[in-house]
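Here is the structure we will look at.
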Amino acid sequence: MKLGRRKFIKGTVAAGAVTAAGFPHIWIKDSSLAYAAGGEIKVGVLFSLTGTTAIVEESLHKATILAIEEVNAAGGINGMQIKPIVEDPASDPATFAEKARKLVLGDRCVSVFGSYTSASRKAVLPVFEKRKNLYFYPTLYEGRECSKNVIYTGAVPNQQQDEFVPWLIEKFGKRWSLIGSNYIYPKEENNYCKKLLAQYGAEVIREEYVPLGHSEFSSVVNKFRSEKPDVIFSTVVGDSVVALHRQYRAGGLDPEKMPMASLTTSENEVAAMGGDAAAGHFTSAPYFMVYDSPENQKFVEAYRSRWGGDKVTHFVSEPSYFQVHLFKQAVEKLGAGDISPKTIREAIKGEEMIAPQGKVRIEPENLHTYLWPKIGQCQSDGQFKMLKTTSEWLEPVPYKAYPNQTCTESGLKES
Amino acid sequence: METILAQILTGLSIASILLLVALGLAIIYGTTGVINLAHGEFVMIGAYTAWALQTYVGVGLIESLVVIFFTVALFGWIIEKTVIRHLYRRPLDTILATWGIGVMAQQAIRLAVGGELRYVQMPSAMSSSVSILGIEISAFRLFILALSAVIFGFTWYLMYRTSIGMKLRAISQDREIASCFGIQSKRIYGLTFAYGAGLAGLAGALVSPLKSVSPEMGTTYVVDAFMVVVLGGVESLIGTVASSVILGELTGFLAFYSNDTLAKVLVFLAIVVLIRFRPQGLFAAKVRS
């Protein structure tokens, strides 16, 4: 077949058109450039705005949005704006999974910030692991998880308890009563607590769990009254915390003789139970609203001017806030074409910043966070009085209660 | 001995809260036959009214109880006039409709005042505990106990000693015949619904200083209230009291000697077994259907 001049030109033009229009298209689709298209970086924001846990998750949502707005107002990340895609999973784990899938596959978000409860984190985990995406989880939780697709910025049991438990034993005594809501988080925390107590020669006189959302604590209060424990170690969550404290107070028990030591009572719950019911009890957490640092002052002021002067910040909203800034630092190190969940994960390993609670760092092996646990005693004005701060940041050890297991870069190691 | 006495008192305290919540439900169901799934939201609205009055008007809980009763009663009356009225001959649809009203009420509150837990102050005179026969008990719980007895007495009087109560009982026995005697069932239904809602509102206001106030708080109460009504038998005021006391004491003792999780399971189990053998409840009044 003879190749005519006209035909030749037609052919080259067609081929050229394909190269110009078609190839880059395919090329974009395959590379990570799509994650940062049009001067925007899309991230998902996945906190419940309706349903039972919306009470807390709303504040996490607000802290996340505040941080994103701050980053954008300061010029974004290498000139690119963060675009939050907000979904409401309605406090339902199945909806969490569905919305996560939508954010990762439909919207092609490069990372997602979300979840408060462990149940919702467990529900979205398969989505992020299968799609090799990245999930930023701000809540203190029970540990015992080792995923390469989650960045954990909340405390794990060793960070909240290592200083807290011996301090309480020394101050109040060795007869402990453990009470929690009936699900995995309190059980794992108590599991670790019992190990620590055994180590310090203290005894557990009662370990008890109430149904989630329980609000009738009169029998529990009677038990405290008759058994007189030195310390009541509480991992009751949500509105049950409020009911427990109020009924403890109404029952005439004295926090000076048998204080409740909690891992879950924050400014949020205290505002709802009233300062008089909360006064005298203790909480261990990496962050309190009253913590005195320039970064925290800035955070509290920004939060209040954005969302209302009566709003409180607490130990879950603070990580929700700083993890966005950590995300920004990690992405900043990458070229626009290199931005992908995988490169962000690699870039965020060992990343440090001065958060409102102090200088935090992502542990490169287990992707949890070095934090600054503090002990606070609640006052009748509804704020905490800081009694003790660790002298060093505490390393996150998500498998501390299981000495033969360690979370490493390549996954969970059994020995 | 002291422990047992303390536990009996605790059981009575639980029972008084159950009674407050269930009484309105029992009256509405007994009279109109409507299974009111929005009852928990009436409780919730009562608690929020108490919160609003305290926060924005500065009125204490005790002083605002009357206002709360009439506010929630008005809300109930409006619901009856606008929605329930059209559904009396379709009992299944009332379940769906009242459930929908409940969901809407929750979200309306969330949109209006936000989803945070709210704080209602306990009257300062009752914020500590008192000692009776050597037993420490919360003064506010005693107050609830006393008040629920008063409210029950008043309701009983209303039902059995006034003409409106007589009309109401006549309607619940046979609506057609009662109409033939000139009783305006529409008006009575509206008032019943309002009264039941008002009682639920009071319950919400009274528990708010002991528990927490949130848009979803009603859901747990409505389950408990149904337990009471199912166990006691509908249309029986005495049955409602008796089953409140039984459930309160049972829950209290089981929770004390085991734990609250197990107590809940055992109580539910007992009720399931009971309705298997006595579906009409313990104290069913004989009514022609």
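Put simply, what bits of region B:136-176 lose 10 Å² or more of accessible area when the other protein chains are there, versus the chain on its own (1.4 Å probe)?
At a threshold of 10 Å² (probe 1.4 Å), the residues of region B:136-176 that become less exposed are B:GLU136, B:SER138, B:ARG141.
Just name one of B:GLY46, B:ILE68, B:GLN173: the one whose Cα is farthest towards the positive end of the charge dipole of region B:19-217 (beta-carbon charges, Lys/Arg +1, Asp/Glu -1).
B:GLN173
Any chance you could check region B:255-280 for residues losing 40 Å² or more of accessible area when the partner protein chains are in, compared with the chain on its own (1.4 Å probe)?
Residues passing the criterion (a loss of at least 40 Å², heavy atoms only) are B:PHE256, B:ASP260, B:THR261.
If you take the alpha carbon radius of gyration of chain A and divide it by 2.2 N^0.38 Å, what ratio comes out, to two decimals?
Normalised Rg, Cα atoms only: 1.13.
Give, rounded to the nearest 20 debye, the magnitude of the charge dipole that region A:159-285 has about its Cα centre when Lys and Arg contribute +1 at Cβ and Asp and Glu contribute -1 at Cβ.
380
What is the distance in Å between the Cα centres of region A:90-109 and region B:162-199?
Centre-to-centre distance over Cα atoms comes out at 51 Å.
Kindly point out which whole DSSP H helices in chain B project their C-alpha atoms 27 angstrom or further along the helix axis while averaging a Kyte-Doolittle hydropathy of 0.0 or above.
Counting only whole DSSP H runs, the qualifying helices are B:2-32, B:61-82, B:91-113, B:139-161, B:185-207, B:237-257.
Mind checking the per residue accessible area of region B:19-217 for me, 1.4 Å probe, whole number of Å²?
Each residue of region B:19-217 exposes 42 Å² on average to a 1.4 Å probe.
How much net charge surrounds A:TYR137 when only the other residues with a Cβ under 13 Å from the Cβ of A:TYR137 are counted, with Lys and Arg +1 and Asp and Glu -1?
Its environment carries a net charge of -1.
If the cut-off is 14 Å between C-alpha atoms, which aspartates and glutamates fall inside it for A:LYS195, apart from same-chain ones fewer than 8 positions away?
Correct list for A:LYS195: A:ASP162, A:GLU163, A:GLU203, A:GLU207.
Taking Cβ-Cβ under 4.7 Å as the only way to count a partner, pick out the unpartnered cysteines of chain A.
A:CYS109, A:CYS193, A:CYS378
Considering every residue in A:43-55, what mean count of other chain Cβ atoms within 10 Å of its Cβ is obtained?
Mean inter-chain Cβ contacts per residue within 10 Å come to 3.
Among A:ILE85, A:ILE65, A:ILE232, determine the one that fluctuates most according to a GNM of chain A built with springs between C-alpha atoms less than 10 Å apart.
A:ILE85
What does the net charge come to around A:TRP176 if you take all other residues with beta carbon closer than 15 Å to its beta carbon, with K and R at +1 and D and E at -1?
After counting each charged neighbour, the total is +2.
Tell me, what % of the accessible area of region A:159-285 is carbon and sulfur with a 1.4 angstrom probe?
Carbon and sulfur: 48 percent of the exposed surface of region A:159-285.
Just tell me how shielded B:207-219 is by partners: mean number of partner chain Cβ atoms within 10 Å of each residue's Cβ, no decimals.
Shielding by partners across B:207-219 averages 6.
For region A:159-285, what relative contact order do you get, as a whole percent, if you take Cα pairs closer than 8 Å and at least 6 residues apart?
Relative contact order, region A:159-285: 28 percent.
Dividing the Cα radius of gyration by the Kirkwood radius, what Rg/Rh value follows for region B:45-106?
With Rh from the inverse mean 1/r over Cα pairs, Rg/Rh is 1.11.
Nearest 500 deg cm²/dmol is fine: what mean residue ellipticity at 222 nm does the protein assembly as shown get from its DSSP H runs of n ≥ 4 alone, each adding -39,500 (n - 2.57), divided by its residue count?
The helix contribution divided over the protein assembly as shown gives -17000 deg cm²/dmol.
In the neighborhood of A:LYS99, defined by Cβ-to-Cβ distances under 14 Å, what is the net charge if each Lys or Arg adds +1 and each Asp or Glu adds -1?
Neighbourhood net charge equals -2.
Accessible area per residue for chain A in Å², computed with a 1.4 Å probe and the full protein assembly in place, what is it?
39
Find the percent of Cα-Cα distances in region B:19-217 that exceed 30 Å, and round it to a whole number.
Tail fraction, whole percent: 25.
Would you tell me the mean number of C-beta atoms belonging to other protein chains that fall within 10 Å of each C-beta in A:245-256, as a whole number?
Counting other chains' Cβ atoms within 10 Å and averaging over A:245-256 gives 5.
With springs only between Cα atoms under 10 Å apart, run a GNM on chain A and tell me which of A:HIS314, A:HIS214, A:HIS245 wobbles the most.
Judging by the Gaussian network model, the answer is A:HIS214.
Given H placed 1.01 Å from N in the peptide plane, which residues other than close sequence neighbours of A:MET353 have an amide H under 5 Å from its amide H?
Hits under the 5 Å cutoff: A:VAL360.
What total accessible area, in Å², is buried where chains A and B meet, using a 1.4 Å probe and rounding to the nearest 100?
What A and B bury together is about 3000 Å².
Could you tell me how far the Cα centroid of region A:342-415 sits from the Cα centroid of region A:127-180, in Å?
Cα centres, region A:127-180 to region A:342-415: 9 Å.
Which one, A:ALA74, A:ALA336, A:ALA285, has the greatest fluctuation when you compute a Gaussian network model over chain A with C-alpha springs under 10 angstrom?
A:ALA74
Too long at a 31 Å Cα-Cα cut-off: which of A:LYS174/A:LYS359; A:LYS171/A:LYS400; A:LYS42/A:LYS298; B:LYS167/B:LYS211; A:LYS374/A:LYS400; A:LYS223/A:LYS385?
With Cα atoms farther than 31 Å apart: A:LYS174/A:LYS359; B:LYS167/B:LYS211.
Give the Debye-formula value of log10 I(q)/I(0) at each listed q (0.07, 0.08 Å⁻¹), with one equal scatterer per alpha carbon of the protein assembly as shown, two decimals each.
Cα-only, vacuum Debye calculation for the protein assembly as shown: -0.54, -0.68.
Inverting the mean 1/r over all pairs of different Cα atoms, compute the Kirkwood radius of region A:113-246 and quote it in Å.
About 16.2 Å, per the Kirkwood formula over Cα pairs.
The values are calculated or read from the model by the stated rules, or taken from the named source; none is laboratory data. Computed from a predicted model, the values in this text were never measured in an experiment. Reconstructed Cβ throughout: ideal geometry from the backbone, glycine too, with neighbour counts over all protein chains shown. Heads up: the accessible areas ignore ligands, DNA and RNA and are worked out on the full protein's heavy atoms, side chains in. Shrake-Rupley method; radii C 1.70, N 1.55, O 1.52, S 1.80 Å.
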